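**Student:** Please find one structure pasted underneath; my questions will follow.
The values are calculated or read from the model by the stated rules, or taken from the named source; none is laboratory data. Model, not experiment: these values are computed from the prediction. Because the Cβ atoms are built from the backbone with ideal geometry, glycine has one as well, and the counts that use them run over all protein chains shown. For the accessible areas, the whole protein counts, side chains as well, though only heavy atoms, and no ligand, DNA or RNA atoms are used. Shrake-Rupley method; radii C 1.70, N 1.55, O 1.52, S 1.80 Å.
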Amino acid sequence: MTFNPGAVTLTNPTDLWLEISEAEQTKTWEQSQAFSSDNRRWTAYLNRLCLNTFLPWLREEYAVDATAFPSLKAHPSIWEVVNGTGISFGTSRMVLIPTEAVDLSELRVPQEWVDIPSWSADYYLAVQVNLEEGCIRVWGYTTHAQLKSMGTYDASDRAYSLDAEDLISNLNILSMTHQICPEEVTRLETAPIPALSSDQAQSLLQRLGNSRLILPRIAVPFQIWGALLEHAGWRQRLYEQRQGQQQQWSIRQWMQSGVSDFAQKFGWGSVDLQSSFAGARGSEVESTLPHLVRKLTISGQQYELRVQPKGNIEDNIWRFELRSQTGNLIESGFKLRLLTEDLQPFAGNQAQAKTPVNRLYIEVALNEPGEGLVWQIEPSPEEYECEVLYF
């Protein structure tokens, strides 16, 4: 943490100032290129700078368990369409709202961070980014409850605003209140958003995935938009389409051409036949195709989710298998679950370890090529995000 006395003249001395080195600015800019427009690249750049600068300070000074939420890998799909960066610590959440604006008369929070249930946070921090001075300035914060009760909603850009005079400028107050009054109501209950069908989602993705549509977030009613964003698999697909990318999550393509670059960033890879399921149940129907592997960390232990065809790909019968990377048994209570693309269960979609087992598996026969499945595991893997695998 660096205090810059030359930059705080006529400003509140309780504001938090953190330095950004030139090397960090250069590295972050290089990491912020994969977006559909200059505006989205700049939004991602400012958000990534804030996260990379503020998160280490938060871990050192206040919450060693602080981490990005949703997962760090998911943030590009958010920054493509919405400003803001989420952080979780303990049972609480905060959202950083960066801006380069000199006028700090109000905090404006995009509606997505307030009214999407899985995105809403306890605290919202106003962050000014000053690239010339090489620093960020956290100049105030508010809570979800205050933003909903005292803030003003602007339907033109779907944002909640709160005047600067109603913000709390000293982050020490947040820390003290969080420790002394843990029962304080910081987050109000958020109404659930109606789910979308797969057909609705595909239609929206085709329309909103066109990068010539500059502001997709206000092109459809918020309830529909919020449902699309809350589904991490569809949000990732929206991001990819706006980069001009073809389908990146086709299992058939992965089998034939290798795992896509996008999917590799989420931990997917493949293993050849000889090194995979030797002696495993069902080995008699193995083909010469590779087996797909997703590396997972669950409760500090390393696991693998493996996907393989049963027989020929054309049969469209697939086996999902969870196993320990270290050869340990899977503990009783673990669950492996498959859902349809729109997160609906179906017959035979779950396997549970009643006692410690070597592996958990589900075999599923799909009706049509191109169907999507979502996998889930309990306990949830670290940084888990919903993924739609298309078969």
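**Student:** Could you say whether any residue in region 110-120 is farther than 27 Å from His231 by Cβ and aliphatic (A, V, I, L, M)? Walk me through it before giving the result.
**Tutor:** The first filter runs over region 110-120 and keeps only residues farther than 27 Å from His231 by Cβ, leaving none.
No: region 110-120 contains no residue that is farther than 27 Å from His231 by Cβ and aliphatic (A, V, I, L, M).
**Student:** Aromatic (Phe, Trp, Tyr) and over 27 Å from Ala195 (Cβ atoms) - does that describe any residue in region 120-132? Please lay out each step first, then the result.
**Tutor:** Filtering region 120-132 down to residues aromatic (Phe, Trp, Tyr) leaves 123-124.
If we keep only those that are over 27 Å from Ala195 (Cβ atoms) as well, we get 123.
Within region 120-132, one or more residues are aromatic (Phe, Trp, Tyr) and over 27 Å from Ala195 (Cβ atoms).
**Student:** In this structure, does Asn47 turn out to be in contact with a Leu (Cβ under 9 Å, 6 or more places away or on another chain), in contact (Cβ under 8 Å) with a residue 24 or more places away in the chain, in a loop (DSSP other than H, G, I, E, B) and under 15 Å from Val129 (Cα atoms)? Show your work before the answer.
**Tutor:** Numbers: in contact with a Leu (Cβ under 9 Å, 6 or more places away or on another chain): yes; in contact (Cβ under 8 Å) with a residue 24 or more places away in the chain: yes; in a loop (DSSP other than H, G, I, E, B): no; under 15 Å from Val129 (Cα atoms): yes.
So Asn47 does not fit the description; no.
**Student:** Oh, and also: In region 83-105, what residues are surrounded by fewer than 19 Cβ atoms within 10 Å (Cβ to Cβ) and of a type in the set (A, V, I, L, M, F, W, C)?
**Tutor:** The initial filter retains those residues of region 83-105 that are surrounded by fewer than 19 Cβ atoms within 10 Å (Cβ to Cβ), namely 88, 90-92, 99-105.
Residues satisfying the conditions are Ala101, Val102, Leu104.
**Student:** Filter region 124-153 for residues that are more than 18 Å from Thr99 (Cα to Cα), open to solvent by 20 Å² or more (accessible area, probe 1.4 Å) and part of a strand (DSSP E or B) and give the result.
**Tutor:** Of everything in region 124-153, those that are more than 18 Å from Thr99 (Cα to Cα), open to solvent by 20 Å² or more (accessible area, probe 1.4 Å) and part of a strand (DSSP E or B) turn out to be Thr152, Tyr153.
**Student:** Please specify each residue of region 112-160 satisfying the condition of being among the small types (Gly, Ala, Ser) and touching a Phe, Trp or Tyr at 6+ places or on another chain (Cβ under 8 Å).
**Tutor:** Passing the criteria: Ser120, Ala121, Ala126, Gly151, Ala159.
**Student:** Same structure again: Surrounded by fewer than 15 Cβ atoms within 10 Å (Cβ to Cβ) and of a type in the set (D, E, K, R): is that true of Glu60 in this structure?
**Tutor:** The answer is yes for Glu60.
**Student:** Among residues belonging to region 106-117 that are open to solvent by 10 Å² or more (accessible area, probe 1.4 Å) and out of contact with any Ser or Thr (no Cβ under 9 Å at 6 or more places or on another chain), point out the one that is farthest from Trp17 (Cα to Cα).
**Tutor:** Quick first cut of region 106-117, residues open to solvent by 10 Å² or more (accessible area, probe 1.4 Å) only: 106, 108, 110-111, 115, 117.
Okay, now just the ones that are also out of contact with any Ser or Thr (no Cβ under 9 Å at 6 or more places or on another chain), so 110-111.
On the way: Pro110: 24, Gln111: 27 Å.
Looking at residues that are open to solvent by 10 Å² or more (accessible area, probe 1.4 Å) and out of contact with any Ser or Thr (no Cβ under 9 Å at 6 or more places or on another chain), I get Gln111.
**Student:** Then there's this: Could you list, in sequence order, all residues of region 226-239 that are open to solvent by less than 50 Å² (accessible area, probe 1.4 Å), in a helix (DSSP H, G or I) and touching a residue at least 60 places away in the same chain (Cβ under 8 Å)? Lay out the reasoning, then the answer.
**Tutor:** Within region 226-239, the subset open to solvent by less than 50 Å² (accessible area, probe 1.4 Å) is 226-229, 231-239.
If we keep only those that are in a helix (DSSP H, G or I) too, we end up with 226-229, 232-239.
Gly226, Leu229, Ala232, Gly233, Trp234, Arg235, Gln236, Arg237, Leu238, Tyr239, listed by residue number.
**Student:** Quick check on region 278-290. Is at least one of its residues modelled with pLDDT of 95 or more, in a loop (DSSP other than H, G, I, E, B) and among the hydrophobic types (A, V, I, L, M, F, W, C)? Step through it out loud before you land on a result.
**Tutor:** The first filter runs over region 278-290 and keeps only residues modelled with pLDDT of 95 or more, leaving none.
No: region 278-290 contains no residue that is modelled with pLDDT of 95 or more, in a loop (DSSP other than H, G, I, E, B) and among the hydrophobic types (A, V, I, L, M, F, W, C).
**Student:** Kindly indicate whether Gln302 is open to solvent by 50 Å² or more (accessible area, probe 1.4 Å) and modelled with pLDDT of 95 or more.
**Tutor:** Values: open to solvent by 50 Å² or more (accessible area, probe 1.4 Å): yes; modelled with pLDDT of 95 or more: yes.
Yes: the conditions hold for Gln302.
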